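Visitor: Input: one structure, supplied below.
The values are calculated or read from the model by the stated rules, or taken from the named source; none is laboratory data. Model, not experiment: these values are computed from the prediction. These area figures cover heavy atoms from the full protein model, side chains too; ligands, DNA and RNA do not enter into them. Shrake-Rupley method; radii C 1.70, N 1.55, O 1.52, S 1.80 Å.
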Amino acid sequence: MMVRSLALALILSAGGAAYAADKPTVEAKNGWVRVLPGNLPAGGYLTFENRSDRALSIVGAESPQYGDAMIHRSSTDGGMGRMEMVDSVPLPAKGSLAFAPGGYHVMLMQPKQPVKPGDTITVTFTLSDGEKIPATLLARPANASGPTD
């Protein structure tokens, strides 16, 4: 009886592992991009959810619709706003991270064709373990403060 119980436990755990392997480690959701006129860069925002038990980092981004994509962080120091490129953004184990106005964001530069509100932008983020996370960002007007306002 004990052998049967052990065998059943092994089968169930293997099935659970296969199911977990089918689910992405990190999910990107609620993506939007603030579109500026002409060829000006656009800021992209979204939320990442890390379902794994290990901390990761977001280390890169690319989009087929833009010539370049970089991870930036906005901050305010002494009343002066500034923006800087960062090499990585920590993504805690079993945690989430928001790219939001005034903080981390993906800076999309050199649009390959005009982007207007209502368009969708594809951005693929690279994690520190090499995993690629696809994200869809909805283009919003320059005065937007979120994905639905």
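Visitor: How long are the semi-axes of the equivalent ellipsoid of the stretch 110-149, taking √(5λ) for every eigenvalue λ of the Cα gyration tensor, in whole Å from largest down?
Guide: Semi-axes from the Cα gyration tensor: 24, 13, 8 Å.
Visitor: Okay, moving on. For Thr122, Thr148, write out the residues from largest to smallest accessible area, computed with a 1.4 angstrom probe and no ligands counted.
Guide: Ranked from most to least accessible, the order is Thr148, Thr122.
Visitor: Against the 2.2 N^0.38 Å scaling, with N counting residues, where does the stretch 73-146 land? I'd like the Cα-based Rg ratio to two decimal places. Don't jump to the answer; show the numbers that get you there.
Guide: Values: Rg = 14.3 Å, N = 74, 2.2 N^0.38 = 11.3 Å.
So the Cα radius of gyration is 1.27 times the expected 2.2 N^0.38 Å.
Visitor: With the cut-off at 1.5 for a/c, could you classify the stretch 14-149 from its C-alpha gyration tensor as rounded, prolate or oblate?
Guide: Working: a/c = 2.03, a/b = 1.53, b/c = 1.33.
Because a/c hits 1.5 or more and a/b exceeds b/c, the stretch 14-149 counts as prolate.
Visitor: In whole Å, what three semi-axes, largest first, describe the equivalent ellipsoid of the stretch 68-113 built from its Cα gyration tensor (square root of 5 times each eigenvalue)?
Guide: Output for the stretch 68-113: semi-axes of 20, 18, 9 Å.
Visitor: Taking the solvent-accessible surface of protein heavy atoms with a 1.4 Å probe, what is the per residue accessible area of the stretch 75-134 in Å²?
Guide: On the way: 3510 Å² over 60 residues.
Dividing the accessible area of the stretch 75-134 by its residue count gives 59 Å².
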